[in-house]
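Only one structure is covered here, and it is reproduced in the block below.
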Amino acid sequence: GAVVSQHPSWVICKSGTSVKIECRSLDFQATTMFWYRQFPKQSLMLMATSNEGSKATYEQGVEKDKFLINHASLTLSTLTVTSAHPEDSSFYICSAGTYYEQYFGPGTRLTVT
Amino acid sequence: GESVGLHLPTLSVQEGDNSIINCAYSNSASDYFIWYKQESGKGPQFIIDIRSNMDKRQGQRVTVLLNKTVKHLSLQIAATQPGDSAVYFCAENNNAGNMLTFGGGTRLMVKP
């Protein structure tokens with residue numbers, strides 16, 4: 001089956017720094033990828049839709065200048081959390097696929113100290 | 001607004017028993033539903049899906065039932081095993097591109 005990877009799997013950073021998370025589709029091309037955020041004991045909340053070669057579409061309430069998304073190729077999307085703060089600590093998950101088949105990455109645990 | 005929600009946040013079952021996890025949705029335009037399993041610290045894993053033109057679909061030890069009249073979705077797991085312990089999410093695709101809307105999740109705990 002289709003595989004989506006994320007890197008890193010976990011990261012600890014200091015408040016005020018920026019962190020980049022990579023999402024890769026390993027064995028298929030993805031024109032669209034999705035970024036979710038999941039707080040402890042909560043569901044996945046869609047942050048943005050990443051479109052290859054164009055600007056990402058952000059969900060209401062998600063700051064596009066804080067969560068920078070770049071989808072430079074058909075197999076790679078990156079999410080950069082800029083000027084991270086402790087409240088940005090969360091589990092970030094990406095997915096890729098089509099309407100009927102969407103594959104999720106293993107997630108990235110971000111802890112901001 | 002439109003949402004997908006669950007009735008039970010935690011379900012505890014005995015190993016070997018059957019489990020039923022429920023989900024209510026409110027967007028009548030949704031035409032595709034998926035159940036995901038998420039283990040601690042991992043991404044969601046696809047279990048089974050169903051399209052709106054069906055009311056039942058079976059997989060290996062799992063069955064999904066869709067009742068469009070009352071906008072209700074359920075996941076049945078037969079002969080529940082300790083490895084089934086996880087959080088289960090239902091998700092719907094409401095024709096807004098490929099975007100999925102997730103329900104709140106139910107934690108399934110299997111007692112040996």
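The values are calculated or read from the model by the stated rules, or taken from the named source; none is laboratory data. Because the structure is predicted, anything quoted here is derived from the model rather than measured. Cβ coordinates were reconstructed from backbone atoms using ideal geometry, including for glycine residues, and neighbour counts include every protein chain displayed. Calculation scope for accessible area: heavy atoms of the full protein, side chains included, ligands and nucleic acids excluded. Shrake-Rupley method; radii C 1.70, N 1.55, O 1.52, S 1.80 Å.
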The stretch A:33-93 - convex hull of alpha carbons, volume per residue in Å³: 79
Accessible surface ranking that places the most exposed of B:K37, A:K64, A:K14 first, with a 1.4 angstrom probe: A:K14, A:K64, B:K37
Solvent-accessible area of B:M99 with every protein chain in place, 1.4 Å probe, in Å² to the nearest 10: 40
Subset of B:K56/B:K111; A:K66/B:K37; A:K20/B:K42; A:K41/B:K56; B:K42/B:K111; A:K55/B:K37 violating a 26 Å alpha-carbon distance limit: B:K56/B:K111; A:K66/B:K37; A:K41/B:K56; A:K55/B:K37
Stokes-Einstein translational diffusion, the stretch B:16-107 - Kirkwood Rh over all Cα pairs, 0.890 mPa s, 25 °C, in µm²/s: 184
The stretch A:76-88 - phi-based ³J(HN,Hα) in whole Hz, Karplus 6.51/-1.76/1.60, Gly and Pro as x: 9, 10, 10, 10, 10, 8, 8, 6, 5, 10, x, 5, 7
At 1.306 mPa s and 10 °C, Stokes D of the protein assembly as shown from Kirkwood alpha-carbon radius, µm² per second: 88
Accessible area of A:H85 in the full protein assembly, 1.4 Å probe (Å², nearest 10): 70
Convex hull volume per residue for chain A, taking Cα atoms only, in Å³: 97
Förster radius 25 Å - calculated FRET efficiency between B:R61 and A:K41 (Cβ-Cβ, nearest 0.05): 0.45
